[in-house]
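**Q** Here it is: the structure, laid out below.
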Amino acid sequence: MNGRSPALAIEIDRLKPLPIYLQICERFRTAIAAGHLRPGDRVPALRNLSTQLSTARGTVELAYSILVDEGYLQMRGAAGTFVSPSLPGSVVQRADEKRAGGAKSRDTRREQPTRSEGAVTVAMSGEPRPLQPGLPALDAFPRKIWSRLVSRRVRSGDRAMLGYPDPMGYRPLRERIATYLGLSRGVTCLPEQVFITGGYRATLELVLRSLAQSNDRIWFEDPGYLLARNFLTESGVQLTPVPVDDEGMDIARGIELDPEARFALVTPSHQSPLGQVLSLTRRLALLDWAKKGARWVIEDDYDSEFRYSGRPLPALKSLDRHDRVIYTGTFSKVLFPGLRLAYAVVPDRAVERVGRVACSMNAGSSALLQAAVTDFIEQGHFARHVKKMRALYGQRRVFIADALEQAFGKRLNIDLPPGGIQFAVRFAEGPNGPVDDVAVAARARQAGLGVLPLSIWYANARMPRTPRGLVIGFANVTDASEAARLARKLRSCLDR
Ligand SMILES: Cc1ncc(COP(=O)(O)O)c(C=O)c1O
């Protein structure tokens, strides 16, 4: 560490809607990417910077802690805070390119991508089942508040509540979402960029109809979200499965397999179904790849509100300097999936096209429910509910993890998930070889449980080396004794 302390003029604009801590983050990221700050440089002490900016020390502290989480900065106790000496390659490369005044040439090697298998049918609808993945706590949703808000809107006499809705979404909700994403996910956008849809797959349909051409290929995480894979397969999009490891989707492997794909679909905050976070190095590599070929990255940020240690990580979109990321979110996890409300944040250059397709493609989602969600957010119920659920799910995931460990012993490998409302567990090999997870899940289904087999989330589900396990939802496990009962029931489905 060279300890250089370059002068850095940080400016903040108090009139900007972007909170000051995010403006500070933004300034540091840009300075690092531009090479004004280099690995090992010392950055101003908290107290100095807060005095310089006439802002609270806590504001600077928050910005620094986000930059540390993202890998840009490193805190070294009394020695101070430094630009990380092991900055990811692509940040350094971007800085080098900037200094050299040009982009490096691109590797255009090409291999035939492997193709995924056809769609796998999975029933998620109907009566919710215990341990069903993807379901938030249905017992804890504030029904009384919700019904008051809905009925007030119905009684209001506002005729727009009963007429055809705006196909792009109810304007006040688009505004609320834009503000929420700025504050909570580091995503800066205008309401005009926010499109409300009838769920994540409707979002994908809107995006692909607007931006994809025939024969476009899409990188898809392997394993990856089952229902999205089914939807894309049915839509005729060609999938290139890209393996996932401890750092999320392996971007270098994606480039080897299919450098010319036009889309990548990722779950960077909480990989579905394995739960990893896409590392900063990979995030930057993915954005770099997208920028170089004018490709699109679809960020599926479906349940990032729920993290049980540390703060939720900023969205990939918050690093997107070249407007290549289409950010997607849903109300299914933070409220309830029967609502059928989700959204996309579309880069400026695509807003008009997506708007045209939205108007021609669908008749929008219920204005009444969108207005009720707007009220729910405006009146502070949303923030309270998410906070409450974070604490509740933190407990419930421990109930089920403990109970599974108790019931299965060494037959199951369980890693307590750092976030989300479901997790994947793997079977250890049984006395007769690998466990047939599809058969276990089928028996569990007969026993009334909603777990899904893990192997079918992989592109090549039946290959001998494909991991076998289960994807388990824990948000509705109310206490330790229920967890123990469910785990024992599941255990009885393991061996015939
Ligand atoms: C990976 C992933 N993405 C997105 C969603 C949201 O889908 P929807 O908005 O259709 O409920 C889910 C829901 O389970 C999911 O697991």
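The values are calculated or read from the model by the stated rules, or taken from the named source; none is laboratory data. All figures in this text were calculated on a predicted structure; none of them were measured in a lab. Heads up, the Cβs are rebuilt from the backbone with ideal geometry, glycines too, and the neighbour counts pull from every protein chain shown.
**Q** Scan region 211-222 for residues that are away from the ligand (no atom under 11 Å from the Cβ) and crowded, with 22+ Cβ neighbours inside 10 Å and jot them down.
**A** Step one: filter region 211-222 for residues away from the ligand (no atom under 11 Å from the Cβ), giving 211-220, 222.
Answer for region 211-222, where residues must be away from the ligand (no atom under 11 Å from the Cβ) and crowded, with 22+ Cβ neighbours inside 10 Å: ILE218, TRP219, PHE220, ASP222.
**Q** Look at region 324-346 and say how many of its residues are more than 8 Å from the ligand (Cβ to nearest atom) and part of a strand (DSSP E or B).
**A** Of the residues in region 324-346, 7 are more than 8 Å from the ligand (Cβ to nearest atom) and part of a strand (DSSP E or B).
**Q** Could we say that ASN230 is more than 16 Å from the ligand (Cβ to nearest atom) and modelled with pLDDT under 95 here?
**A** no
**Q** Does ALA461 satisfy the criteria of being over 28 Å from the mean Cα position of the chain (by Cα), within 23 Å of LEU226 (Cα to Cα) and buried (at least 18 other Cβ atoms within 10 Å of the Cβ)?
**A** Working: over 28 Å from the mean Cα position of the chain (by Cα): no; within 23 Å of LEU226 (Cα to Cα): yes; buried (at least 18 other Cβ atoms within 10 Å of the Cβ): yes.
The answer is no for ALA461.
**Q** Can you tell me which condition ARG324 does not meet? The list is (1) at pLDDT below 95; (2) closer than 30 Å to SER279 by Cα, and all the others hold.
**A** Here ARG324 clears every test but (1).
**Q** Could you list, ordered by first residue, the pairs with Cβ atoms under 9 Å in which the first is in region 173-190 and within 20 Å of LEU369 (Cα to Cα) and the second is small (Gly, Ala, Ser) and in a helix (DSSP H, G or I), at least 6 apart or interchain?
**A** LEU173/ALA371; TYR180/ALA383
**Q** Same structure, new question: What single numbered condition from (1) outside any strand (DSSP E or B); (2) closer than 30 Å to ARG390 by Cα; (3) of a type in the set (Val, Ile, Thr) fails to hold for VAL438?
**A** Condition (2) is where VAL438 drops out.
**Q** Go through (1) more than 16 Å from the ligand (Cβ to nearest atom); (2) without any contact (Cβ under 8 Å) to a residue 40 or more places away in the chain and name the single condition ALA372 misses.
**A** Every listed condition holds for ALA372 apart from (2).
**Q** Also, quick follow-up: Just to check your reading of the model, which residue among LEU287, LEU265, LEU280, LEU313 is among the aliphatic types (A, V, I, L, M), within 18 Å of TRP457 (Cβ to Cβ) and not assigned by TED's automatic domain parsing to the domain that holds ILE32? Please lay out each step first, then the result.
**A** Details: LEU287 fails: within 18 Å of TRP457 (Cβ to Cβ); LEU280 fails: within 18 Å of TRP457 (Cβ to Cβ); LEU313 fails: within 18 Å of TRP457 (Cβ to Cβ).
So the residue among LEU287, LEU265, LEU280, LEU313 that is among the aliphatic types (A, V, I, L, M), within 18 Å of TRP457 (Cβ to Cβ) and not assigned by TED's automatic domain parsing to the domain that holds ILE32 is LEU265.
**Q** Further question on the same structure: Just wondering, is there one or more residues in region 167-184 that are charged (D, E, K, R) and within 15 Å of the ligand (Cβ to nearest atom)?
**A** Step one: of region 167-184, the residues charged (D, E, K, R) are 171, 174-176.
If we keep only those that are within 15 Å of the ligand (Cβ to nearest atom) too, we end up with none.
Within region 167-184, none of the residues are charged (D, E, K, R) and within 15 Å of the ligand (Cβ to nearest atom).
**Q** If you scan region 425-458, which residues turn out to be under 24 Å from the mean Cα position of the chain (by Cα) and free of Cβ contacts under 8 Å to residues at least 40 places away in the same chain?
**A** Initial filter on region 425-458 (under 24 Å from the mean Cα position of the chain (by Cα)): 425-426, 450-458.
Across region 425-458, the qualifying residues are PRO453, SER455.
**Q** Sort out which residues of region 425-475 are of a type outside the set (A, V, I, L, M, F, W, C) and closer than 21 Å to LEU135 by Cβ, and write them in order of number.
**A** In the first step, residues of region 425-475 are kept if they are of a type outside the set (A, V, I, L, M, F, W, C); the result is 426, 429-434, 436-437, 443, 445-446, 448, 450, 453, 455, 458, 460, 462, 464-469, 473.
ASP437, ARG443, ARG445, GLN446, GLY448, GLY450, PRO453, GLY469, GLY473 - these are the residues of region 425-475 that are of a type outside the set (A, V, I, L, M, F, W, C) and closer than 21 Å to LEU135 by Cβ.
**Q** Go through region 298-323 residue by residue and tally those that are assigned to a loop (DSSP other than H, G, I, E, B) and near the ligand (Cβ under 9 Å from one of its atoms). I'd like the intermediate steps shown before the answer.
**A** Start the filter on region 298-323 by keeping residues that are assigned to a loop (DSSP other than H, G, I, E, B), which leaves 301-306, 308-315, 320-323.
Applying the additional criterion that residues be near the ligand (Cβ under 9 Å from one of its atoms) yields 301-303.
The total comes to 3.
**Q** Related question: So which residues in region 397-424 are surrounded by fewer than 23 Cβ atoms within 10 Å (Cβ to Cβ) and among the β-branched types (Val, Ile, Thr), if there are any at all?
**A** VAL398, ILE414
**Q** Continuing with the same structure: Which of the following residues is away from the ligand (no atom under 16 Å from the Cβ) and surrounded by 24 or more Cβ atoms within 10 Å (Cβ to Cβ): LEU286, LEU204, LEU239? Reasoning before the result, please.
**A** Values: LEU204 fails: away from the ligand (no atom under 16 Å from the Cβ); LEU239 fails: away from the ligand (no atom under 16 Å from the Cβ).
When all the criteria are applied, what remains is LEU286.
**Q** While we're on this one: For ARG42, indicate whether it is of a type in the set (Lys, Arg) and at pLDDT 90 or above.
**A** Numbers: of a type in the set (Lys, Arg): yes; at pLDDT 90 or above: yes.
So ARG42 fits the description; yes.
**Q** Any idea which of ARG396, ARG445 is assigned by TED's automatic domain parsing to the domain that holds ASN476, basic (Lys, Arg), in contact with a Lys or Arg (Cβ under 9 Å, 6 or more places away or on another chain) and under 28 Å from ALA137 (Cβ atoms)?
**A** Residue meeting the stated conditions: ARG445.
**Q** Specify the residue that is nearest to PRO417 (Cα to Cα); the eligible residues are those in region 268-283 that are touching a residue at least 60 places away in the same chain (Cβ under 8 Å) and away from the ligand (no atom under 16 Å from the Cβ).
**A** For region 268-283, the residue satisfying everything is SER279.
**Q** If a residue must be more than 25 Å from GLY163 (Cβ to Cβ) and not in a helix (DSSP H, G or I), how many such residues does region 357-399 contain? Break it down stepwise before answering.
**A** Within region 357-399, the subset more than 25 Å from GLY163 (Cβ to Cβ) is 380-399.
From what's left, not in a helix (DSSP H, G or I): 380.
Number of matching residues: 1.
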